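Report on one structure; see the data block that follows.
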Amino acid sequence: MARYRGPKTKKSRSFGESIYGFDKSFDRRKFPPGQHGNTRRRRQKSDYALQLMEKQKAKYTYGLLERQFRNLFEKASSKSGVTGEILLQYLEARLDNTVFRLGLAPTRRAARQLVTHKHIVLNGVVTNIPSCQLRPGDIITVRGKSRKMDAISDSVGGKSEVRKFPWLEFNPDKMEGVFLGYPEREQIPEKINEQLIVELYSK
């Protein structure tokens with residue numbers, strides 16, 4: 001399955017924020033990457049450049065490629081409501097993102113790997129499709145023989161108290177979570193200006 005495999009810190013530096021979570025290397029060098037580093041004078045970005053950067057930031061944050069992201073935007077734009085908000089709701093409703101939000105994995109990359117390696121069960125069925133769209137009421141469970149994995153137990157034990165989101169419910173004893181519904185925009189913690197993405201695709 002295709003996905004971005006390049007350096008994460010360099011990508012975060014290009015956006016000016018740590019889009020993959022806490023990163024010690026990013027904290028040391030928050031200026032944009034490049035030969036001249038922090039000394040280079042950079043021109044003010046055009047409207048198109050800002051729109052493109054916001055779309056790229058959303059893509060890399062959630063781990064999508066261009067065609068996947070475009071298809072999801074078209075799906076969101078066909079629905080009645082605020083297109084940008086619906087797009088973010090669809091991104092949050094992906095199975096790999098939900099596994100990450102539940103605290104079963106420390107990063108979205110790790111969550112994607114858990115899904116593709118068949119460690120996750122969706123509504124009683126082993127699922128290995130990270131992009132699977134969840135619906136309200138869907139139940140996400142760690143597969144029985146996978147519950148003793150150090151990677152999962154360490155993640156749940158260390159960070160479950162931090163990752164509490166109102167659209168998710170998690171029982172650490174059963175290693176089971178429930179997708180209660182689509183989140184409201186103010187509940188989504190990602191710093192993404194979705195309106196710029198809508199403007200870009202509307203050209």
Failed condition for K148, given (1) surrounded by 18 or more Cβ atoms within 10 Å (Cβ to Cβ); (2) assigned to a loop (DSSP other than H, G, I, E, B): (1)
Filter the stretch 105-127 down to the residues that are touching a Ser or Thr at 6+ places or on another chain (Cβ under 7 Å) and under 19 Å from E190 (Cβ atoms) and list them by number. A105, P106
Which one of F15, F31, F26, F22 is surrounded by fewer than 12 Cβ atoms within 10 Å (Cβ to Cβ), at pLDDT below 80 and of a type outside the set (S, T, N, Q)? F22
Could you list, in sequence order, all residues of the stretch 73-82 that are surrounded by fewer than 21 Cβ atoms within 10 Å (Cβ to Cβ) and either assigned by TED's automatic domain parsing to the domain that holds P136 or not charged (D, E, K, R) (or both)? S77, S78, S80, G81, V82
Exactly one of K45, K59 is within 24 Å of V198 (Cα to Cα), modelled with pLDDT of 90 or more, surrounded by 11 or more Cβ atoms within 10 Å (Cβ to Cβ) and not β-branched (V, I, T), and that residue is K59
Take the conditions in contact (Cβ under 8 Å) with a residue 24 or more places away in the chain, over 18 Å from E169 (Cα atoms) and in contact with a Phe, Trp or Tyr (Cβ under 9 Å, 6 or more places away or on another chain) and apply them to A151. Does it pass? no
For the stretch 115-125, check the following and say yes or no: at least one residue is in a strand (DSSP E or B), surrounded by fewer than 24 Cβ atoms within 10 Å (Cβ to Cβ) and in contact (Cβ under 8 Å) with a residue 24 or more places away in the chain. yes
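The values are calculated or read from the model by the stated rules, or taken from the named source; none is laboratory data. Computed from a prediction, not measured in an experiment: that's the story for all the values here. Backbone-built Cβ (ideal geometry, glycine too); neighbour counts: all protein chains shown.
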